[in-house]
Every structure is written in C-alpha cells, then in structure tokens.
Amino acid sequence: MKKMAKSQAKWMQSTLAFLCVVLASAVGFLSTAMADETCMSPYMAKIVGQEDYVYVWTLGVEGLGDEQDKLVTVSVNPKSENYGKVVNVLSVGGRNEAHHSGLTDDRRYLFAGGLDSNKIFIFDVHTEPAKPKLHKVITDFVEKTGGMVGPHTMYALPGRIMVSALSNNVDHGGRTGMAEFTNEGEFVAAHWNPTDENLRGAIKAGNVADGYGYDVRVLPRRNLMVTSSFTGWSNYMMDFGKMLADPEAMKRFGNTVVVWNLHTRKPKKVLEVPGAPLEIRCAWGSQHNYCFTTTALTSQIWLIYEDDAGEWQAKAVGDIGDPSKVPLPVDISITADDNGLWVQTFMDGKTRFFDISDPFNPKQTYEHVIGSQVNMISQSWDGKRTYFTSSLLGNWDKTGDADEQFFKLFTWDGKQLNHEFTIDFYKLKLGRAHQMRFGAYSLYSQMPNSTDTMLSQVE
Amino acid sequence: MRILNYHSLIILLLAISACDREFDDDTPLPDSRAARAEVMVMADGWTPTLPYEVPKPGTYTLPKITSAGGGLVLAENGEVLELESLFGDKIVLLTFIYSSCTDLNGCPLATAVFYKIKERFKKNPNLADAIRLISISFDPEHDTPEVMKLYGAGFEEGDPQWLFLTTASEEALKPVIEQYGQMVIKEFDEEGNYTGAMAHVLRAFLIDRSKNIRQEYSVSFLHDQLVTADIKTLLIEDGVLSANGN
C-alpha cells in the first residue's frame with residue numbers, strides 16, 4: 001500500500017505540467033454564467049426549478065385580524081391543489097415593524113427582523129416547508145451589538161448570517177453597522193460602519209463618511225462586501241408625510257456606499273452616492289465585477305464597479321422615471337444573465353425593466369403598473385415568474401383606498417408581464433405584505449406531501 | 001476504480017493550481033450539478049491564483065464562531081475514536097468529503113487545497129507540528145475505514161498530520177455533520193427514488209487550540225494562501241509566531 005501511495009504521488013507530480021494546457025481550454029469551454037433567485041447570497045443552495053412556497057414576512061395592522069406580525073406561506077407550485085392559496089399563517093405575537101428576512105446558507109432557517117422591536121425571529125422552514133415553525137427569537141440584538149438598532153438585511157455567509165442595521169440606540173439616527181450571528185442565532189461579531197470621526201482604516205473617495213447603513217451584498221471572488229445607507233429609527237418610524245415636511249429630518253439620509261474586505265471584515269473605501277442608496281444587487285457573470293444600487297431620493301441607478309486599475313468606484317448611470325417627481329425607487333432585482341434589472345417605484349406603483357447588458361448605459365424597455373403602491377420583487381431562477389408585494393414601512397405606506405396590500409404573481413415572457421393571481425392581504429386580514437423568500441421540498445431531500453392546508457381551513 | 005477516478009480529479013485540480021499563469025483569474029470552475037438537479041448547490045467561484053491581496057497575518061481578527069463539535073468516528077484502522085480527542089492541542093483544519101464525489105468544485109477541491117496547505121507547512125517542522133488536517137466522509141455506507149485508507153494514500157506522509165476518518169453508520173454521522181451545519185442533499189428522481197448522488201455545499205472549518213471554530217470556508221475562500229494567513233493569525237495569537245509572522 002505504501003509503495004502504491006508513493007507511486008501515485010510521483011505520477012501526480014509528473015502529470016501536473018501536462019494537464020495545464022488541457023485544462024485551460026476545458027475550463028474556458030465549460031464556464032457558464034452563474035445565477036440565483038436574483039437576490040440570494042452566492043453561498044446558498046439555489047432553487048433552479050419550480051419553487052413550492054413563498055414565505056411572506058408580513059406586518060400586523062392594528063384592528064385587522066390578530067393584529068400581529070406573521071410569516072405567511074403561499075403555495076406557488078402549479079402542481080399543488082392549493083396553488084395560489086395561503087397555506088399557513090404563523091403569528092409571532094405583537095408588532096415589531098416586520099421588514100426584511102433572509103435564509104441561512106443551508107436554507108434551513110429564515111431570519112426575519114423587526115425594525116422597531118429589534119427582535120429577530122428565526123423560523124425553521126426545513127422540517128415542514130409548508131408549515132414553518134418559530135425556532136428561536138433573538139431579543140438582545142441591541143445589547144450584543146453594542147447599540148445597533150433596526151436589524152434589516154439578513155444575508156447568508158458560510159455558517160453565519162450577516163445582519164445590517166439601520167440605526168443606533170444613542171441618537172436613533174443613521175449611524176450604525178452590521179453584526180454576524182451563527183445559523184443558530186448566536187452572536188459572533190459586530191462591525192461598525194466607518195465615519196468621518198473614525199474611518200476604521202478606510203479611505204474616503206468623496207467628502208463624507210456618514211456611517212449610515214441599509215443593505216449588504218458580497219462578491220466573494222473579488223473578496224468584496226458592499227453596504228449602502230438609508231436613514232435611522234427617528235425617520236423610518238415617523239409618519240411619511242410629516243417627515244417629508246420636516247427639513248431637518250430630510251437631511252438625515254445616507255449618501256454613501258462602503259466597500260469592505262470581505263475576508264477581514266475591514267472597510268476599505270467610502271464612496272459618495274447621494275440620495276439614500278438602498279438595495280444592492282451584484283452581477284453574477286464570472287467577469288462582471290460590478291453591483292447596482294438605486295437612490296430613493298434622487299431616483300438614479302448607480303453602478304459600483306471595479307475599474308481597470310482594480311479600484312472600486314461609483315457612478316450614476318441612469319434615471320428612473322422622472323426624478324423631479326420623486327417616484328421613490330425601492331426594491332430592485334437583477335436577472336440571472338445580468339442583462340436585466342427590475343426596479344420598483346413605490347409612489348406610482350410601477351415596475352420598470354431596464355436592459356443593463358451595458359451596465360454603464362441602462363435603458364428602460366418596459367414598465368407596468370402593479371398596484372397603487374409596490375415595493376418588493378422576487379423572481380425565479382429562470383426569470384419567468386415575478387412575485388410582488390406592496391408594503392414599504394408601516395408609517396410610510398399609502399392611506400385610504402391607495403393602501404392596497406397584496407401578493408401578486410406575474411409571468412414574464414421577455415416582453416411583457418402576464419398576471420397569474422393576486423392574494424389580497426387585507427381581505428384575508430393578514431396585514432401588510434413585505435419581504436418574500438422561496439422554499440422547496442427538494443432543498444431538504446423531501447417530496448411534496450399532502451399536508452398543505454388552505455387559509456380557510458387553518459382558520 | 002472509484003478511488004482512482006477521485007484521485008484523477010484531485011490531480012486535475014492540483015494541475016489547475018500549478019498552472020496559475022495559463023488562466024484568466026476570473027474563470028470559474030465548471031459546475032457539473034447544474035444539469036441534473038432541480039436544486040443546485042452552486043460554488044461561489046474558485047480561482048487557482050488568489051485574485052486579490054492576501055491579508056497580512058495578525059492584522060485582523062477571527063472571531064470565535066462556535067464550539068467545534070465531536071462525535072464517534074472511525075480511524076483508518078477501524079478504531080472507534082472521539083472526534084474531539086483527535087484535535088489534541090493542534091490548530092485543526094477539518095472538512096467533510098465523500099470518496100466517490102466527482103464534482104470539481106466539491107470534495108476533490110477540498111482535498112487538493114488541503115494537500116497544498118500540507119506542502120506549505122511541511123517546510124517548517126515547528127509550524128507543521130502545530131497543525132492537523134482532518135477529512136471526514138459523509139458517505140459511511142461506501143466509505144469504510146479501508147476505503148478512507150486507500151483514499152488518503154499519498155497524502156499522509158510527514159507533518160502536518162492528515163487524518164482520513166469515517167463513521168460507523170448514517171446514524172453515527174448525523175450528529176457530527178449537524179454540529180457543523182454541513183448540508184447534504186440526497187438527490188431524487190421524478191418517481192422519488194434516491195439516485196445515489198449527493199449535492200453538498202463545500203465547507204471547511206478552522207478550529208483553534210481551545211476547540212472553537214474560528215473560520216468557515218466556502219469554495220471561494222478555501223484557498224491555500226488565505227487559509228495559511230488565517231492559520232498564521234491563530235499562531236500569532238497563540239504566541240507560536242511573532243507579530244510579523246516569523
């Protein structure tokens with residue numbers, strides 16, 4: 001056996017040089033563009049076929065149903081007898097300003113945050129995908145992080161979740177950071193954003209390092225982590241109309257994007273991106289070293305890109321609608337092939353499709369009114385199914401008849417959206433529909449079963 | 001035959017590593033799973049040459065993530081051992097593999113990178129003695145101690161010590177992989193029959209002398225230069241290396 005081992009090692013060494021040439025062409029031939037359910041972490045297992053469920057993190061509304069925040073499970077597989085129906089509702093007790101959610105890298109748990117209560121609810125979505133269970137609640141987010149407030153993006157890293165925050169417990173303004181938790185919800189580390197007073201080793205590309213936070217995304221092959229900036233608790237919990245009329249409040253919005261060393265978690269450069277850059281979507285192509293973000297207040301598409309010298313830069317590359325009318329871009333979604341970007345604008349309830357095949361020159365090719373207001377979008381791996389929800393923030397949503405709350409599915413044929421079904425979240429007394437995440441039996445080596453139950457039966 | 005095929009894949013990966021300059025650094029390795037699974041576990045990119053600057057050891061911290069798990073494992077000679085006891089007082093690099101894995105971005109890559117790390121530290125006996133590499137199979141049905149012995153042949157000589165372990169059964173394996181959050185997806189055909197194939201997210205774990213997990217590597221960060229920097233960061237923390245990494 002020992003002789004065999006030595007001869008194997010020797011053969012291995014002598015074979016290396018020969019294989020170089022062969023592999024160079026083989027790898028080149030086989031390389032393909034990587035894609036996602038458009039906004040998932042690259043560390044995560046992906047649903048490349050038909051999703052079975054969409055989990056909708058939903059804000060409870062006073063005077064409606066049980067008034068509590070809840071995780072609503074919608075059956076979306078056309079083969080299911082409950083297709084297009086709510087099959088489970090899991091209320092979490094009270095209202096927390098439910099906002100964003102994110103799956104762990106193994107997709108066994110869904111972390112869902114409350115921007116006001118600072119709680120993070122961890123749902124088990126793998127044991128019974130049709131009926132998630134509340135596994136654990138993190139109640140000491142502020143204490144563990146040293147004063148961060150408003151857990152926002154939940155982003156999967158290997159064995160961990162990175163949680164970006166929106167605010168702090170000192171002035172409830174926008175200065176904040178990120179915190180890491182294990183997939184079991186145990187605190188690992190906190191990373192505060194660079195500020196003018198403490199750049200934490202970063203350099204400023206512009207004049208400001210505001211320390212604000214919002215989204216977080218990564219490009220592992222470039223060792224890159226990117227964060228954006230929104231506003232603090234004092235604004236996001238304020239009545240929308242009141243805030244717009246308050247000049248001081250309107251000054252308290254983020255104007256930066258920060259690029260970080262992903263491996264060491266150290267900030268490298270603060271880029272100036274005025275007007276509250278929100279969602280970040282990084283391209284998937286193997287040589288596409290760029291990410292997109294959109295600015296809520298100035299209604300622009302910005303490209304965060306690596307230049308020929310290897311430096312990360314920010315550039316405004318296009319307008320969204322008429323910026324003077326403040327259409328308020330909210331969620332965005334990049335297509336699997338990096339050629340398209342969906343952009344929702346909250347005020348006019350539209351979704352817009354931009355051709356981004358030239359990332360420096362996005363061109364709008366399509367638009368469609370989804371409802372009186374629209375916020376989030378989730379598209380399937382192949383881009384053929386796009387799901388939309390309506391709520392932005394409890395105190396920012398429209399009022400009266402314009403306050404539609406829905407979950408809608410449209411199919412996309414590459415030219416136009418075709419409506420499949422709508423679930424009225426007010427009619428079902430569920431609340432304000434916000435973040436969506438996909439589930440599938442095949443993720444857990446399971447086959448579909450007959451345990452689906454429609455909402456009427458649950459009730 | 002399966003082991004030989006597997007070794008061919010590892011050689012393939014070592015070859016990729018050995019011909020750095022022949023490649024476009026951004027070229028990802030192919031993902032062979034895309035065509036055959038509804039659910040795809042995608043690698044997040046791996047390049048033969050680290051396409052960015054290697055961080056200087058000791059200039060950053062590696063937070064304690066969680067305690068490293070234990071459980072009963074089988075050594076190559078069939079002896080039943082407690083996994084934690086095999087950590088000793090070493091800095092441990094641990095990964096999960098299965099010998100019939102044919103995905104270039106999976107187990108063969110892990111083994112190829114471990115091999116390169118072993119080669120790097122082999123040159124410094126003092127450091128090599130402070131490190132241990134462990135590969136554990138998550139296919140106990142096929143990967144008996146004898147198979148793992150054959151699998152590890154050629155990689156075991158000299159320090160750092162490299163152990164090739166398995167478990168007695170699926171039941172014995174389950175608590176071990178669960179503690180490390182190692183996801184394994186069995187693939188089923190349309191009739192619901194197990195195809196025998198397993199998709200998994202490649203993970204490797206850096207464990208300190210106090211048996212805490214200090215880093216968890218995905219494909220893109222499982223690179224010998226980066227792992228070496230992290231190991232040296234822990235060695236600096238332990239006082240085995242000076243702050244300048246010497």
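The values are calculated or read from the model by the stated rules, or taken from the named source; none is laboratory data. Source: prediction; values computed, not measured. FYI the Cβ positions are ideal-geometry reconstructions off the backbone, even for glycines, and counts take in every protein chain you see.
Got a sec? Which helices (runs of 4 or more DSSP H) wholly within the stretch B:127-246 have at least 2 residues that are within 27 Å of A:Tyr444 (Cα to Cα)? Outline the logic, then answer.
Values: elements: B:145-152, B:170-179, B:224-237.
Per the criteria, B:170-179.
Answer yes if at least one residue in the stretch B:187-206 is polar (S, T, N, Q) and facing chain A (nearest Cβ under 9 Å), and no otherwise.
No, the stretch B:187-206 contains no residue that is polar (S, T, N, Q) and facing chain A (nearest Cβ under 9 Å).
Step by step: first the residues of the stretch A:222-263, then only those that are within 17 Å of A:Trp192 (Cβ to Cβ), within 14 Å of another protein chain (Cβ to nearest Cβ) and buried (at least 20 other Cβ atoms within 10 Å of the Cβ), then the one that is nearest to the chain's Cα centre (by Cα). Which residue is that?
Ranking the candidates gives A:Met225 first.
Working carefully through the options A:Arg281, A:Arg265, A:Arg221, A:Arg252, find the one that is touching a Phe, Trp or Tyr at 6+ places or on another chain (Cβ under 7 Å), of a type in the set (Lys, Arg) and in contact (Cβ under 8 Å) with a residue 12 or more places away in the chain. Can you show your working first?
Numbers: A:Arg265 fails: touching a Phe, Trp or Tyr at 6+ places or on another chain (Cβ under 7 Å); A:Arg221 fails: touching a Phe, Trp or Tyr at 6+ places or on another chain (Cβ under 7 Å); A:Arg252 fails: touching a Phe, Trp or Tyr at 6+ places or on another chain (Cβ under 7 Å).
Every option except A:Arg281 fails the conditions.
Can you give me the number of residues within the stretch B:148-199 that are hydroxyl-bearing (Ser, Thr, Tyr), crowded, with 16+ Cβ neighbours inside 10 Å and more than 22 Å from B:Ser218 (Cα to Cα)? Give the derivation first.
Keep residues of the stretch B:148-199 that are hydroxyl-bearing (Ser, Thr, Tyr), which gives B:151, B:166-167, B:169, B:180, B:194-195.
Checking which are crowded, with 16+ Cβ neighbours inside 10 Å leaves us with B:151, B:166-167, B:180.
Among the residues that remain, those that are also more than 22 Å from B:Ser218 (Cα to Cα) are: B:151, B:167.
Residues that pass the stated criteria total 2.
Name every residue in the stretch B:116-147 that is of a type in the set (Ser, Thr, Tyr) and surrounded by fewer than 22 Cβ atoms within 10 Å (Cβ to Cβ), in order of residue number. Let's see the steps before the verdict.
Start the filter on the stretch B:116-147 by keeping residues that are of a type in the set (Ser, Thr, Tyr), which leaves B:135, B:137, B:144.
The answer is B:Thr144, and nothing else.
Condition first: out of contact with any helix residue (DSSP H, G or I) (no Cβ under 6 Å at 6 or more places or on another chain), within 24 Å of B:Glu146 (Cβ to Cβ) and within 14 Å of another protein chain (Cβ to nearest Cβ). Now tell me which residues in the stretch B:47-100 satisfy that.
Listed by number, the residues that qualify are B:Asn77, B:Leu94, B:Phe96.
State whether one or more residues within the stretch B:72-82 are surrounded by 16 or more Cβ atoms within 10 Å (Cβ to Cβ) and of a type in the set (Val, Ile, Thr).
The answer is yes, given that some residue of the stretch B:72-82 is surrounded by 16 or more Cβ atoms within 10 Å (Cβ to Cβ) and of a type in the set (Val, Ile, Thr).
Kindly indicate the residue of the stretch A:339-360 that is of a type in the set (Phe, Trp, Tyr) and touching a Pro at 6+ places or on another chain (Cβ under 8 Å) and also nearest to A:Pro329 (Cα to Cα) among those meeting that condition.
In the first step, residues of the stretch A:339-360 are kept if they are of a type in the set (Phe, Trp, Tyr); the result is A:342, A:346, A:353-354, A:360.
Restricting the remaining residues to those that are touching a Pro at 6+ places or on another chain (Cβ under 8 Å) gives A:346, A:354.
Values: A:Phe346: 6, A:Phe354: 13 Å.
Residue satisfying both the conditions and the ranking: A:Phe346.
Within the stretch A:214-258, track down each residue that is among the aromatic types (Phe, Trp, Tyr) and touching a strand residue (DSSP E or B) at 6+ places or on another chain (Cβ under 7 Å). Give the derivation first.
Filtering the stretch A:214-258 down to residues among the aromatic types (Phe, Trp, Tyr) leaves A:214, A:230, A:233, A:236, A:240, A:253.
Once the filter is applied, which keeps residues that are among the aromatic types (Phe, Trp, Tyr) and touching a strand residue (DSSP E or B) at 6+ places or on another chain (Cβ under 7 Å), the stretch A:214-258 yields A:Tyr214, A:Phe230, A:Trp233, A:Tyr236.
Residue under question is B:Thr95, and the condition is that it be of a type in the set (S, T, N, Q), modelled with pLDDT under 95 and under 18 Å from the mean Cα position of the chain (by Cα); does it hold?
Values: of a type in the set (S, T, N, Q): yes; modelled with pLDDT under 95: no; under 18 Å from the mean Cα position of the chain (by Cα): yes.
When the stated conditions are applied, B:Thr95 does not pass them.
Are there any pairs, at least 6 apart or on different chains, whose C-beta atoms fall under 7 Å, with the first in the stretch B:211-235 and on the phi > 0 side of the Ramachandran plot and the second surrounded by fewer than 21 Cβ atoms within 10 Å (Cβ to Cβ), and if so, which?
B:Lys211/B:Ser67; B:Lys211/B:Glu84; B:Lys211/B:Phe87
Scan the stretch A:105-136 residue by residue and report those that are in a strand (DSSP E or B) and among the small types (Gly, Ala, Ser).
Looking only at the stretch A:105-136, we keep the residues that are in a strand (DSSP E or B), and these are A:109-114, A:120-124, A:133-136.
Across the stretch A:105-136, the qualifying residues are A:Ala112, A:Gly113, A:Gly114.
Tell me which of these A:Leu199 doesn't satisfy, since it passes every other one: (1) closer than 20 Å to A:Glu311 by Cα; (2) away from chain B (no Cβ under 14 Å); (3) crowded, with 17+ Cβ neighbours inside 10 Å.
(3)
Which residues, counting only those in the stretch A:291-334, are among the hydroxyl-bearing types (Ser, Thr, Tyr) and surrounded by fewer than 21 Cβ atoms within 10 Å (Cβ to Cβ)? Quick ask: steps written out before the conclusion?
Pass one, the stretch A:291-334, residues among the hydroxyl-bearing types (Ser, Thr, Tyr): A:293-295, A:298-299, A:305, A:324, A:333.
Correct list: A:Thr298, A:Tyr305, A:Ser324.
Restricting to the stretch B:210-229, name every residue that is more than 9 Å from chain A (Cβ to nearest Cβ), surrounded by fewer than 21 Cβ atoms within 10 Å (Cβ to Cβ) and touching a Leu at 6+ places or on another chain (Cβ under 8 Å).
B:Gln225 - this is the single residue of the stretch B:210-229 that is more than 9 Å from chain A (Cβ to nearest Cβ), surrounded by fewer than 21 Cβ atoms within 10 Å (Cβ to Cβ) and touching a Leu at 6+ places or on another chain (Cβ under 8 Å).
Tell me, which strands (runs of 3 or more DSSP E) wholly within the stretch A:370-448 include 3 or more residues that are surrounded by 21 or more Cβ atoms within 10 Å (Cβ to Cβ) and on the phi > 0 side of the Ramachandran plot? Full working, then the answer.
Values: elements: A:377-379, A:385-389, A:406-412, A:417-424, A:432-439.
Strands (runs of 3 or more DSSP E) meeting the threshold: none at all.
Among the residues of the stretch A:82-125 satisfying the criterion of being of a type in the set (D, E, K, R) and at pLDDT 95 or above, which is surrounded by the fewest Cβ atoms within 10 Å (Cβ to Cβ)?
Within the stretch A:82-125, the subset of a type in the set (D, E, K, R) is A:85, A:95, A:97, A:105-108, A:116, A:119, A:124.
Of the ones still in play, those that are also at pLDDT 95 or above are A:85, A:95, A:97, A:116, A:119, A:124.
Numbers: A:Lys85: 20, A:Arg95: 18, A:Glu97: 22, A:Asp116: 19, A:Lys119: 22, A:Asp124: 16.
Out of the qualifying residues, it is A:Asp124.
Quick one: which of A:Ser333, A:Ser391 is of a type in the set (Gly, Ala, Ser) and under 22 Å from A:Val89 (Cα atoms)?
Values: A:Ser333 fails: under 22 Å from A:Val89 (Cα atoms).
When all the criteria are applied, what remains is A:Ser391.
Which of the following residues is modelled with pLDDT of 95 or more and basic (Lys, Arg): B:Lys174, B:Lys186, B:Lys211? Outline the logic, then answer.
Values: B:Lys174 fails: modelled with pLDDT of 95 or more; B:Lys186 fails: modelled with pLDDT of 95 or more.
Unique residue meeting the criteria: B:Lys211.
Considering A:Gly173, A:Gly102, A:Gly147, which residue is of a type outside the set (Val, Ile, Thr), closer than 15 Å to A:Val56 by Cα and more than 14 Å from chain B (Cβ to nearest Cβ)?
Values: A:Gly173 fails: closer than 15 Å to A:Val56 by Cα; A:Gly147 fails: closer than 15 Å to A:Val56 by Cα.
Unique residue meeting the criteria: A:Gly102.
Have a look at B:Tyr180, B:Tyr194, B:Tyr217 and point out the one that is touching a Gly at 6+ places or on another chain (Cβ under 7 Å) and under 30 Å from A:Thr127 (Cα atoms).
Details: B:Tyr194 fails: touching a Gly at 6+ places or on another chain (Cβ under 7 Å); B:Tyr217 fails: touching a Gly at 6+ places or on another chain (Cβ under 7 Å).
One residue alone meets the criteria, B:Tyr180.
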